[in-house]
Amino acid sequence: MISEYGRYRIVKELGRGTMGVVYQAHDPQIDRMVALKVLRPDRVSSESFVARFLKEARAIGRLSDPHIVTIHDVGEDHGTVYIAMEYLQGEPFNQVIRSGRLTIPQSIDIARQVALTLDYAHRQGIVHRDIKPSNIILAEGNQVKLTDFGIARIEETGAGLQTQAGEILGTPVYMSPEQVKGERVDGRSDLFSLGVILYEMVAGRRPFSGNNIAAIFRAITQDTPENPVNADPFIPTSLSDLVMKSLAKQPSERFQSGRQMADALDAAGLQAQPAVAQANMRQPAATPKVGMKTVLALALVFVLGLGGYLIFHQRAADTARGNTQGVPVHLEGRAGIQSDSIPSSSHGSGVPITFGQATLKISSDPQGAQIFVDREFKGVTPMNMSMSTGKYELRLNLPGYFEWEAQVELDVEGDAPLHIPLRPLE
């Protein structure tokens, strides 16, 4: 591996894509770390391409916004070109989304930051063309930083010579219809991509999917995704309508500027506050540890994670009804959510009998779900836990599946088997 480009000394590789590789590198001139993006030599088609690349990079380098990663330098070395950018400390937003720990207000705030940043760049004549979660860094205090800003435009300067059959600039699931069709794009294409991300944040799944690229492209250009409020009734209607407007097939039917979208997000945020307080939506995945008090007889409140998507009470109730040797299970509703209930005692009197310890035996379908008790990570399913008297929050989380959440109370001695069927996101 080449150890340096220009004055920048390679520390390690951070990632790679179709156009090049990104390294962590050290700038000895001012003793700082940078992110160094180096184009693949086979993407450097000609001297005129290099000249245009450097010109575009310098133009983008003039962008000055606290939410856009700064470009420090551009140059040529080893038969290719490179861009030295600000090296960020933070968490890639695709990891944040997968963790499922965002509340509705947080989702609105993050989308608003991105919309205003796009508005600034678009007014400078720069279109990002590749807005996706992995190009967003969430820094301290939930502050957004957009990376690779305008890099797609720079790379496109040689697209006429370098594009292979079937290759389209951008990331498929976040592309706008006009990108898919190879048409001219403007800032409204970036806002469509932001709408896809916002849909994913609030609905818990992507609006467009398919088994292959062709199916995804067909969905983007032809299908109307389900309205988010139909997936989760606690999503404010104003926010759901905003998301659907941002995903309009025709650019003229979307928000016409990032500022316009940001203003709509502000209004939706004000309307969301009462609904969020009532529904107690989306508990964080990582919170301060709470001392574990465990239990003796079961009362379960079934609420699907992310604000109540779907209640799996029937199958769990069937499991509990067959539990003649273990602790009886009760199912109750929270925040008006419908539920089933089961007789409180298999001893006939309905009066709980208190003894020492009970064992909560948790399994899931599929297995391997993370188990949180009182917001404290305990392990993965299947798992047996010895518990003592009290009420506690139980949550299961598995990537690719809706989160499951319940309130548990044990006040009867014995084994308490609990099997949770998890529902796939798509």
Could the peptides 42-50, 258-266 be put in order, highest first, of the mean number of other beta-carbon atoms found within 10 Å of their residues?
258-266, 42-50
Which listed pairs, of K145/K378; K37/K132; K37/K245; K181/K249; K181/K245; K132/K378, have C-alpha distances above 23 Å, in listed order:
K145/K378; K37/K245; K132/K378
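Sorted by packing (mean other beta-carbon atoms within 10 Å per residue), highest first, where do 190-196, 52-58 land? It would help to have the intermediate numbers written out before the result.
Details: 190-196: 26.3, 52-58: 17.6.
For the peptides 190-196, 52-58, the packing ranking is 190-196, 52-58.
Taken together, the values in this text are just the output of simple stated rules run on the coordinates, not laboratory data. If you're wondering where the values come from, they're calculated on a predicted model, not measured in any experiment. Using ideal geometry, Cβ is built from the backbone for each residue, glycine included, and neighbour counts are taken over all protein chains shown.
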